[in-house]
Amino acid sequence: MTKSSTLNRTGYVRASFAMLISAFSLILVIMPTPGHSRVAGESLADLVEQISPAVVNIVTTLTLPGTTGQAPIVPEGSPLEDLFKDFQQDQQDRPRSRGSALGSGFIISADGYIVTNNHVIVDSDEIIIEFFDGESLVATVVGRDEKTDLAVLKVESEAPLPFVQFGDSDIARVGDWVLAIGNPLGQGFSVSAGIISARNRSLSGSYDDFIQTDAAINRGNSGGPLFNMEGEVIGVNTAILSPTGGSIGIGFSMSSAVVSKVVDQLIEYGETRRGWLGVRIQDISDDIAEALELEDTTGALVTDVMDGPAGDAGIQPGDVITTFDGVEVESTRALVRMVGNADVGKAVRVVVIRDGKSQTFLVDLGRLEEAVLTSLNPPASEDNPKFDINGLTLGTLSAENLSQFGLGGYTDGVLIMDVAEDSVAFDKGLRAGDIITEIGQQAVSTPADVEAQIASAKEGGRTSILLLVHRDGDKRFVALSLAD
C-alpha cells in the first residue's frame, strides 16, 4: 500500500517565490468526519478481535448415492437367483458414502440464530457450527430463501453467544473500507480487508442488491459477513467473479437492506412473505417513451395485469407506474424490490400515467408466494384471413393458425404469421408466432383492427405506435415506427 493510499484525505499546500530556488510541500491529514471511527492505515486488530467471536465456520455433511455398478442379469429360475438377490439386498442395506462441504456464517442473537447462504446448507443431512473458541454445535434450519440465497440456522447453547448486528447498507459509499471474515478454502477464521468497489449490483435474481468489494473472498467464504468499520454487518458474502475459481478482487455480498428483511421473516414465519402487485412490467426505452409521449424513461411500464391486487384496484396494461407507496420508481428492478419488501396486505398508493395524465390507485398488496396465475381458454374462431401491414403478415387466432406455430390457449389478439426481414418490425424483434393484443393501447382482435389503428395514428401525425405483444407466455410493449 502506497503512502498516499493510507490517507483519508490529502491536501497539498505549495508556496513558490521568485527569489527562492526550491518549493516546499506540506501534506495535511484530514481527520474523518463524524460517524467514522477509523481511517485507512489504522490497525484493524481491535475491530477484528471484537467481531470475530460472532463469525462461525459451517461444516455440512450429505449422503451420496452408492455406486454398486450394474446388477448382473440372472435367468429366472436359475439356482443362482436367490444368491444374487441376497447380494443386491446387502448392497442396498450398506450405508452410502458421505461428503462434506465448508462455508461461513455469523451469529445475530445471543440465543443462537445464525445467518448463512442457502447454497451452503441446501440438501445437507447434518450441519455443524464451529465457533471461534473451538466449540461445536449441531444446527437446525429455521428457514431458507432461494431467491436471495439466504438461510437462517439455530443452535441451542447453554451460555449466551456473542453476536453482531446489521448496519445500514443503503448509506454505505463506494470507497468505504470493509472487512470480510470467514472460512476460505477451509482455512477457518480468515480476515481480509478492502473497499466497496460498487453498489446495487444485480447478478441473476429479481431481488438482487449486491455490494461489490475487492476484499478477498474465496470458496468457503460463502455465507460469511461483510463488515463496515463500525463492526456492523452490511452484507453477506455470496459470490465471486473469477476465471480461475479464486479471488481476483471482484466479490459480491448481498446487502443488509435485503438480508435483514428476509432474515426477520424467516425467523418469524420460517418462510418469506413478499408483497405482490399482480402485474408484469418492463423498462421504458427511448422509443417507447416517445410513443407514449413521456418526458423520460423512468418508471415501469405495465404489460399485463393478472387477477389480483392491481387489477382489482383498476390498474391496466399500458399504465406507467411512476410512484409506489410514496417512492419514485426509477426502473422495473427498483419496483420489484419495493413491492417485494412491502408488507403483505398493506394498502399502498400507486401513481400511474395513463393517456398522458397522472392517476392514483389504492392497492391492497397480496402475497407473492400465494399468487396463482390463471390460464386462458382455447380460441373458438375459425376465421382465417391474412393481411400484410408494415412488413407484417397478420392472421386471426384460428385453430389452424395457432396449430401452425404450436400455440394454444389464446382467445384475444392478432397472430403475426410472417415478418419481412427488411422491415422495421423485424428490426424491433417481432417474429412469426407473436400475438398482438393491443395497438396504441386499444384492444385488437382482427388484422383489420390493426390496420385501422395504424391508419388512425398516421392521420394523427404520429411517427410511432405502441404494440402489446405476447410471446411464450410473456408480454412486452414494442414501439413500432410508422415510416413507410
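The values are calculated or read from the model by the stated rules, or taken from the named source; none is laboratory data. Quick caveat, the model's predicted, so the values are computed rather than measured. Neighbour counts run over all protein chains shown; Cβ positions are idealised from the backbone, glycine included.
Within segment 241-290, track down each residue that is hydrophobic (A, V, I, L, M, F, W, C), in the same structural domain as Asp214 (by TED's automatic domain parsing), buried (at least 18 other Cβ atoms within 10 Å of the Cβ) and assigned to a helix (DSSP H, G or I). Those that are hydrophobic (A, V, I, L, M, F, W, C), in the same structural domain as Asp214 (by TED's automatic domain parsing), buried (at least 18 other Cβ atoms within 10 Å of the Cβ) and assigned to a helix (DSSP H, G or I): Ala257, Val258, Val259, Val262, Val263, Leu266.
Being small (Gly, Ala, Ser), under 25 Å from the mean Cα position of the chain (by Cα) and more than 15 Å from Glu230 (Cβ to Cβ) is true of Ala151. A single member of Val350, Val302 is surrounded by 20 or more Cβ atoms within 10 Å (Cβ to Cβ), outside any helix (DSSP H, G or I) and out of contact with any Ser or Thr (no Cβ under 9 Å at 6 or more places or on another chain), and it is Val302.
Scanning segment 410-435 for residues that are among the small types (Gly, Ala, Ser) and in contact with a Ser or Thr (Cβ under 6 Å, 6 or more places away or on another chain) yields a count of 1. When segment 433-462 is limited to residues that are hydroxyl-bearing (Ser, Thr, Tyr) and under 22 Å from Val302 (Cα atoms), the one that is modelled with the highest pLDDT turns out to be Thr437. For residues in segment 440-473 being of a type in the set (Ser, Thr, Tyr) and not in a strand (DSSP E or B), which is surrounded by the most Cβ atoms within 10 Å (Cβ to Cβ)? Checking each candidate, the answer is Thr446.
If Asp123 satisfies all but one of (1) out of contact with any helix residue (DSSP H, G or I) (no Cβ under 9 Å at 6 or more places or on another chain); (2) more than 16 Å from Gly223 (Cβ to Cβ); (3) modelled with pLDDT under 90, what's the number of the condition it fails? In the conditions (1) out of contact with any helix residue (DSSP H, G or I) (no Cβ under 9 Å at 6 or more places or on another chain); (2) more than 16 Å from Gly223 (Cβ to Cβ); (3) modelled with pLDDT under 90, Asp123 misses (2) alone.
On inspection, Ala420 passes the criterion of being outside the structural domain of Met306 (by TED's automatic domain parsing), of a type outside the set (Lys, Arg), in contact with a Phe, Trp or Tyr (Cβ under 9 Å, 6 or more places away or on another chain) and at pLDDT 80 or above. Out of all the residues in segment 126-140, is one or more under 20 Å from the mean Cα position of the chain (by Cα) and in the same structural domain as Ser255 (by TED's automatic domain parsing)? The answer is no, given that none of the residues of segment 126-140 is under 20 Å from the mean Cα position of the chain (by Cα) and in the same structural domain as Ser255 (by TED's automatic domain parsing).
Listed by first and then second residue, the pairs with beta-carbon distance under 8 Å, at least 6 apart or on different chains, first residue in segment 163-174 and of a type in the set (Phe, Trp, Tyr), second part of a loop (DSSP other than H, G, I, E, B) and surrounded by 13 or more Cβ atoms within 10 Å (Cβ to Cβ), are Phe163/Ile108; Phe163/Ser109; Phe166/Ile108; Phe166/Glu232.
When you look at Val141, is it at pLDDT 95 or above and crowded, with 21+ Cβ neighbours inside 10 Å, yes or no? Against the criterion (at pLDDT 95 or above and crowded, with 21+ Cβ neighbours inside 10 Å), Val141 does not qualify.
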